[in-house]
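A.B. asks: Quick one: the structure is below, questions incoming.
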Amino acid sequence: MILDLEKFIAEGRQGWRELEALLDRLDRDPALRLGLEEVKRFHQLYQRASADLARLGELAAEPELRLYLESLVARAFGEVHESRRRPHRFAPLRWLSGTFPRTFRRHIRAFQLAVAMTLLGGAIGAGLLTLESDAKEVLLPFEHLLQDPSERVAKEEAAGVKELSGEKGRLEGRKMTFSSYLMTHNTRVSILCLAMGVTFGLGTLVLLFYNGVILGAVVFDYLRAGEGAFLAGWLLPHGSVEIPAVLLAGQAGLVLAGAMIGRGEGIALRGRLRRIGPDLVTLIGGAALLLIWAGFVESFISQHHQPVLPYGLKIGFGAGQLLLLALFLARAGRGGEIPEEVSRGR
């Protein structure tokens with residue numbers, strides 16, 4: 001029998017989504033007990049997914065779809081036959097390795113919009129400095145960024161020479177305090193970025209744009225002064241984690257904005273907010289973890305310049321972090337999420 005794949009996906013898509021949603025609920029709360037009608041519906045969906053997997057057979061043209069159905073049926077089988085004697089409401093490793101990256105990919109368009117708005121702000125910030133050098137005093141909020149880049153680099157490297165000779169560095173004895181300040185400050189900014197989603201996304205977009213303006217102005221200022229190596233060695237170690245974390249917070253704010261708008265969904269606002277609530281907690285939780293790590297890195301690595309830590313070493317460290325984070329968000333938790341042709345249709 002020749003399988004009409006498009007019709008097969010169209011007929012099965014809704015049931016697969018419903019079964020996956022039930023399984024996700026059980027994953028988030030292992031102590032959850034389904035009602036009688038929900039149990040019946042779960043069993044019906046499980047049987048239907050098993051039958052669909054059997055119909056799909058060994059169709060070589062759709063290995064991703066087959067892998068998805070196999071994972072879905074295996075998860076359902078595990079739920080049916082699992083004994084829950086000691087329920088745990090939260091499994092950190094499972095959340096980190098599966099739930100977090102899958103949630104990120106499920107809302108990838110919101111992340112792409114956050115990136116685009118930040119890049120737009122960066123281009124504007126660089127453009128303003130190109131047109132008017134004195135704009136730096138208006139654009140940049142921190143005193144050390146207002147210095148001439150070359151003067152700052154000379155000062156930082158001179159401090160590094162003194163540190164190697166045995167003198168105490170400026171953060172000596174207070175690295176943990178400085179690190180805690182960075183974590184707290186950046187986490188507040190990220191939570192604000194999420195919370196501004198209640199303004200239908202306008203506040204979130206403004207914050208992302210403003211952060212982009214500052215970043216673009218700083219990058220342009222140092223590159224124009226010929227201090228690209230210092231810039232990369234200073235920003236990459238912590239920025240390769242901190243900037244993605246802020247973008248994740250922006251992604252969460254835009255997801256919230258989508259629920260506030262709710263165009264064409266036909267669901268009450270309370271229902272829309274309840275539906276995306278776990279995803280918002282997951283995204284902001286992932287951003288907070290990244291910001292904690294970024295705080296340590298900025299305090300213990302980013303603030304130590306050549307000759308204490310060579311620029312090449314710091315740049316390699318930051319680039320490696322960024323690559324690992326990108327691979328993690330793109331690949332972790334694969335096999336348990338719905339393929340694109342199922343989620344969007346053909």
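The values are calculated or read from the model by the stated rules, or taken from the named source; none is laboratory data. Since the model is a prediction, treat every value here as computed from it, not as a measurement. Neighbour counts are summed over all protein chains in view; Cβ atoms, including those assigned to glycine, are modelled from backbone coordinates with ideal geometry. In case anyone asks, the SASA skips ligands and DNA or RNA and just uses the protein heavy atoms, side chains included. Shrake-Rupley method; radii C 1.70, N 1.55, O 1.52, S 1.80 Å.
A.B. asks: Can you find a residue in segment 77-89 that is modelled with pLDDT under 90 and either touching a strand residue (DSSP E or B) at 6+ places or on another chain (Cβ under 8 Å) or polar (S, T, N, Q) (or both)? Give the steps one after another, and end with the answer.
C.D. replies: At the first step, the residues of segment 77-89 found to be modelled with pLDDT under 90 are 77-89.
Among the residues that remain, those that are also either touching a strand residue (DSSP E or B) at 6+ places or on another chain (Cβ under 8 Å) or polar (S, T, N, Q) (or both) are: 83.
Yes.
A.B. asks: Checking residue 93 against (1) within 20 Å of residue 18 (Cα to Cα); (2) modelled with pLDDT of 80 or more; (3) open to solvent by 30 Å² or more (accessible area, probe 1.4 Å): exactly one of these is not met. Which one?
C.D. replies: Among (1) within 20 Å of residue 18 (Cα to Cα); (2) modelled with pLDDT of 80 or more; (3) open to solvent by 30 Å² or more (accessible area, probe 1.4 Å), the lone unmet condition for residue 93 is (1).
A.B. asks: Can you give me the number of residues within segment 322-343 that are open to solvent by less than 30 Å² (accessible area, probe 1.4 Å), modelled with pLDDT of 85 or more and among the small types (Gly, Ala, Ser)?
C.D. replies: Within segment 322-343, residues that are open to solvent by less than 30 Å² (accessible area, probe 1.4 Å), modelled with pLDDT of 85 or more and among the small types (Gly, Ala, Ser) number 1.
A.B. asks: In segment 242-277, how many are charged (D, E, K, R), out of contact with any Asp or Glu (no Cβ under 8 Å at 6 or more places or on another chain) and either outside any helix (DSSP H, G or I) or in contact (Cβ under 8 Å) with a residue 24 or more places away in the chain (or both)?
C.D. replies: Just the residues of segment 242-277 that are charged (D, E, K, R), to begin with: 242, 263, 265, 270, 272, 274-275.
Those left that are additionally out of contact with any Asp or Glu (no Cβ under 8 Å at 6 or more places or on another chain): 263, 265, 270, 274-275.
If we keep only those that are either outside any helix (DSSP H, G or I) or in contact (Cβ under 8 Å) with a residue 24 or more places away in the chain (or both) as well, we get 263, 265.
Qualifying residue count, segment 242-277: 2.
A.B. asks: Within the set of pairs 6+ apart or on separate chains, which have a first residue in segment 127-143 that is at negative phi and in contact (Cβ under 8 Å) with a residue 12 or more places away in the chain, a second that is open to solvent by 100 Å² or more (accessible area, probe 1.4 Å) and of a type in the set (A, V, I, L, M), and C-beta atoms under 9 Å apart?
C.D. replies: From segment 127-143, the pairs are 128/138.
A.B. asks: Let me ask something additional. Determine, yes or no, whether residue 242 is surrounded by 22 or more Cβ atoms within 10 Å (Cβ to Cβ) and under 12 Å from the mean Cα position of the chain (by Cα).
C.D. replies: Details: surrounded by 22 or more Cβ atoms within 10 Å (Cβ to Cβ): yes; under 12 Å from the mean Cα position of the chain (by Cα): yes.
So residue 242 fits the description; yes.
A.B. asks: Which one of these does residue 306 not meet: (1) open to solvent by less than 60 Å² (accessible area, probe 1.4 Å); (2) in contact with an Asp or Glu (Cβ under 7 Å, 6 or more places away or on another chain)?
C.D. replies: Unmet for residue 306, out of (1) open to solvent by less than 60 Å² (accessible area, probe 1.4 Å); (2) in contact with an Asp or Glu (Cβ under 7 Å, 6 or more places away or on another chain): (1).
A.B. asks: So, of the residues in segment 182-233 that are of a type in the set (D, E, K, R) and surrounded by fewer than 23 Cβ atoms within 10 Å (Cβ to Cβ), which turns out to be farthest from residue 258 (Cα to Cα)? Can you show your working first?
C.D. replies: Restricting attention to segment 182-233, the residues satisfying the condition of being of a type in the set (D, E, K, R) are 188, 221, 224, 227.
Then keep just the ones that are surrounded by fewer than 23 Cβ atoms within 10 Å (Cβ to Cβ); that gives 188, 224, 227.
Details: 188: 22, 224: 39, 227: 41 Å.
By that ranking, first place goes to 227.
A.B. asks: Out of all the residues in segment 294-303, which are of a type in the set (Gly, Ala, Ser) and either surrounded by fewer than 18 Cβ atoms within 10 Å (Cβ to Cβ) or under 10 Å from residue 237 (Cα atoms) (or both)?
C.D. replies: Taking segment 294-303 as the starting set, the residues that turn out to be of a type in the set (Gly, Ala, Ser) are 294-295, 299, 302.
Of everything in segment 294-303, those that are of a type in the set (Gly, Ala, Ser) and either surrounded by fewer than 18 Cβ atoms within 10 Å (Cβ to Cβ) or under 10 Å from residue 237 (Cα atoms) (or both) turn out to be 294, 302.
A.B. asks: Next question, about the same structure. Determine whether residue 163 is in contact (Cβ under 8 Å) with a residue 60 or more places away in the chain and open to solvent by 30 Å² or more (accessible area, probe 1.4 Å).
C.D. replies: Details: in contact (Cβ under 8 Å) with a residue 60 or more places away in the chain: yes; open to solvent by 30 Å² or more (accessible area, probe 1.4 Å): yes.
Against the criterion (in contact (Cβ under 8 Å) with a residue 60 or more places away in the chain and open to solvent by 30 Å² or more (accessible area, probe 1.4 Å)), residue 163 qualifies.
A.B. asks: I'd like to check something: does segment 281-292 contain any residue that is over 13 Å from the mean Cα position of the chain (by Cα) and more than 22 Å from residue 191 (Cα to Cα)?
C.D. replies: Start the filter on segment 281-292 by keeping residues that are over 13 Å from the mean Cα position of the chain (by Cα), which leaves 292.
Next, only the ones that are more than 22 Å from residue 191 (Cα to Cα) stay: none.
Checked segment 281-292: no residue is over 13 Å from the mean Cα position of the chain (by Cα) and more than 22 Å from residue 191 (Cα to Cα).
A.B. asks: Quick one: would you say residue 319 is at pLDDT 90 or above, within 30 Å of residue 5 (Cα to Cα) and under 19 Å from the mean Cα position of the chain (by Cα)? Even if it seems obvious, please write down each step before you answer.
C.D. replies: Working: at pLDDT 90 or above: yes; within 30 Å of residue 5 (Cα to Cα): no; under 19 Å from the mean Cα position of the chain (by Cα): yes.
So residue 319 does not fit the description; no.
A.B. asks: Further question: Can you tell me which of 58, 64 is open to solvent by 70 Å² or more (accessible area, probe 1.4 Å), part of a helix (DSSP H, G or I), modelled with pLDDT under 80 and not hydrophobic (A, V, I, L, M, F, W, C)?
C.D. replies: That would be 64, the only listed residue that is open to solvent by 70 Å² or more (accessible area, probe 1.4 Å), part of a helix (DSSP H, G or I), modelled with pLDDT under 80 and not hydrophobic (A, V, I, L, M, F, W, C).
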